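Here's the structure, in structure tokens; my notes come after.
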Amino acid sequence: MNIYNKINAVSLELQKKNLKKSGKNKFAGYNYYELADFLPPLVELFDEFKISVLFSYTSDIATMTVVNCDLPEERVQYTCPMTTLSLKGANDIQNLGGSQTYIRRYLLMSAFHIIENDYFDAIKGKNEHQKETLIEEIKDLCKKKIDNGTSKTSLSKDIPELKNLYSLSVGDLKSIKSKVES
């Protein structure tokens, strides 16, 4: 079996493992894979399919090399730009280790097709829902003001942004909601 077949076989078998995400981003409200969630079963599959994974780092590039242990000259490389990490209360060595850990995780996930919901999609969905909620709240507040005698013309004149609610950011919508409430 060549290196590409082995990478595909490991990826396929890993998908069957029903991995669980233990990482939690409380700020953005999503779960993610930590290395410990997939590395043990991945290493078992490396042994089964006779491949080895090597990592190397320069100041600019991280490289992961997947080696076919049956034909060591058969290799596939994956690269990623290096970046620095600033963990609170950590020294330079701890920050370097943190950077390498994150990059190892991303390189392994990329090479072996470990699927994870995209953080940006999660945030976008959350923001879209928040925008829709704010727009409905603003519309309800405007309706109440009109029902209580404020004219549409006066409301539009005082808050011209009401005409373009759907193109505004969450922050702008919060500001407009405050204006309508006052």
Q.
Just to be sure I understand the filter: pairs with C-beta atoms under 8 Å, separated by 6 or more residues or on different chains, first member in segment 76-92 and in the same structural domain as Met109 (by TED's automatic domain parsing), second member loosely packed, with under 11 Cβ neighbours inside 10 Å. Which pairs pass?
A. Pro81/Asp60; Met82/Thr58; Met82/Ser59; Met82/Asp60
Q: Report the residue count in segment 59-85 for those that are among the polar types (S, T, N, Q) and at pLDDT 95 or above.
A: 5
Q: Considering each residue of segment 159-174, count those that are of a type outside the set (Val, Ile, Thr) and surrounded by 13 or more Cβ atoms within 10 Å (Cβ to Cβ), and give that number.
A: 7
Q. Name the pairs: first residue in segment 46-61 and in the same structural domain as Cys80 (by TED's automatic domain parsing), second residue loosely packed, with under 11 Cβ neighbours inside 10 Å, Cβ to Cβ under 8 Å, at least 6 apart or on different chains?
A. Asp60/Pro81; Ile61/Pro81
Q) Checking Lys17 against (1) within 15 Å of His113 (Cα to Cα); (2) touching a residue at least 60 places away in the same chain (Cβ under 8 Å), which single condition isn't satisfied? A) (2)
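Yes/no matrix, rows are residues, columns are (1) surrounded by 14 or more Cβ atoms within 10 Å (Cβ to Cβ); (2) of a type in the set (S, T, N, Q):
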residue	(1), (2)
Asn5	no, yes
Asn8	yes, yes
Leu12	no, no
Gly23	yes, no
Lys26	no, no
Ala36	no, no
Val43	no, no
Asp47	no, no
Ile51	yes, no
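The values are calculated or read from the model by the stated rules, or taken from the named source; none is laboratory data. Computed from a predicted model, the values in this text were never measured in an experiment. Please note: Cβ atoms are built from the backbone with ideal geometry, for glycine as well, and neighbour counts cover all protein chains shown.
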